[in-house]
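Visitor: The structure is given below, and queries will be raised subsequently.
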Amino acid sequence: MGYVKDLVEEITVKMGGLFSTELGINLQKRSSDEVFKWFVASLLFGARISETIAKNTYHEFERTGLLSAGKILKTGWHGLVYILDRGGYVRYDYKTADKFLEVMGNLEKEYGGDLNLLHEKSIDSKDLEQRLKNLGKGIGDVTVNIFLRELRGIWDKANPPLQELTINSAKNLGLIKKADKTRNLQELYQIWNQNKVEGYHFQNFETALLRIGKNYCRKNKCDACPVKTYCKF
């Protein structure tokens, strides 16, 4: 029991910083403005591009005040391409500009540009995920998972499945025995509820496991892993 408590605390504190928090976005406020900011960032993180470029590009949106569906639509295709290029999105600028205009157009038309309204109208977690995907063909499972993961516990219906990277690191650290997305989520919730770290949330714990899986387990960088002493392999 002490082993698990120490592990949960160490990884949560060391590696559980939320991506939204790093960008200065406060999702705990639950405001439509903050949720929209994270949505923009999630659309950028969802592309096959480095985290650094995605963050830089988000800050370009922030710097130019393009943090509402209406303002993004008003900027238009050429304006979006310019901003995306400034952030480093050169290889994906045209495609991403098209995606943003389609998504924001549908968000404005169906929900008045308010993602909180989209959540309110959703029947359950599956419906929520589908409504997000329906905003545009450029929104797939990866983007939806990125967006909803940090809204877990904030939006009642935000309950995306665990990523395989998260499951892999949890298994390596001995927190779970067998990979099963639905069961594993319940198991990790139970572990968190029994070993909560003051000042942090389940999202921090999940994000820490994701980072370990992505940066160390997947790349076989065991020697560099900051919690290698807990690893079962």
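Visitor: Can you name the condition, by its number, that Glu60 falls short on among (1) under 22 Å from Arg152 (Cα atoms); (2) among the acidic types (Asp, Glu); (3) at pLDDT 95 or above?
Guide: The one condition Glu60 does not meet is (1).
Visitor: Shifting gears a bit: Just give me the residues in the stretch 34-58 being exposed (fewer than 15 other Cβ atoms within 10 Å of the Cβ) and over 19 Å from Gly213 (Cβ atoms), in sequence order. Walk me through it before giving the result.
Guide: Initially, the stretch 34-58 is screened for residues exposed (fewer than 15 other Cβ atoms within 10 Å of the Cβ), giving 48, 50-52.
Within the stretch 34-58, Thr52 is the sole residue that qualifies.
Visitor: Return the residue satisfying two criteria in turn: it lies in the stretch 163-187 and is free of Cβ contacts under 8 Å to residues at least 24 places away in the same chain and in a loop (DSSP other than H, G, I, E, B), and of such residues it is surrounded by the most Cβ atoms within 10 Å (Cβ to Cβ).
Guide: The extreme case among them is Ile176.
Visitor: Restricting attention to the stretch 82-96, which residues are farther than 13 Å from Leu66 by Cα and assigned to a helix (DSSP H, G or I)? Break it down stepwise before answering.
Guide: Quick first cut of the stretch 82-96, residues farther than 13 Å from Leu66 by Cα only: 85-96.
The answer is Asp85, Arg86, Gly87, Val90, Arg91, Tyr92, Asp93, Tyr94, Lys95, Thr96.
Visitor: Can you run down the residue pairs with Cβ atoms below 7 Å, 6 or more apart or on separate chains, where the first is in the stretch 57-76 and not assigned by TED's automatic domain parsing to the domain that holds Lys109 and the partner is among the aliphatic types (A, V, I, L, M) and buried (at least 16 other Cβ atoms within 10 Å of the Cβ)?
Guide: Correct list of pairs: empty, since none qualify.
Visitor: Quick check on the stretch 211-219. Is at least one of its residues in a loop (DSSP other than H, G, I, E, B), at pLDDT 95 or above, surrounded by fewer than 19 Cβ atoms within 10 Å (Cβ to Cβ) and among the charged types (D, E, K, R)?
Guide: If we filter the stretch 211-219 for residues that are in a loop (DSSP other than H, G, I, E, B), which is where we start, we get 218-219.
Right, trim to at pLDDT 95 or above and you get none.
Looking for residues that are in a loop (DSSP other than H, G, I, E, B), at pLDDT 95 or above, surrounded by fewer than 19 Cβ atoms within 10 Å (Cβ to Cβ) and among the charged types (D, E, K, R), one finds none in the stretch 211-219, hence no.
Visitor: I'd like to check something: does the stretch 85-92 contain any residue that is surrounded by 15 or more Cβ atoms within 10 Å (Cβ to Cβ) and either under 16 Å from Phe36 (Cβ atoms) or of a type in the set (S, T, N, Q) (or both)?
Guide: no
Visitor: Go through the stretch 43-74 and give me each residue that's assigned to a helix (DSSP H, G or I), within 20 Å of Glu110 (Cα to Cα) and touching a helix residue (DSSP H, G or I) at 6+ places or on another chain (Cβ under 8 Å). Step through it out loud before you land on a result.
Guide: In the first step, residues of the stretch 43-74 are kept if they are assigned to a helix (DSSP H, G or I); the result is 43-45, 51-63, 69-74.
Going one step further and asking which of them are within 20 Å of Glu110 (Cα to Cα), we end up with 43, 69-74.
Hits for the stretch 43-74 are Leu43, Ala69, Gly70, Ile72, Leu73.
The values are calculated or read from the model by the stated rules, or taken from the named source; none is laboratory data. Treat the numbers as computed from the prediction; the structure is a model and nothing was measured. Methodologically, a virtual Cβ is constructed for each residue, glycine included, from the backbone with ideal geometry; neighbour enumeration extends over all protein chains shown.
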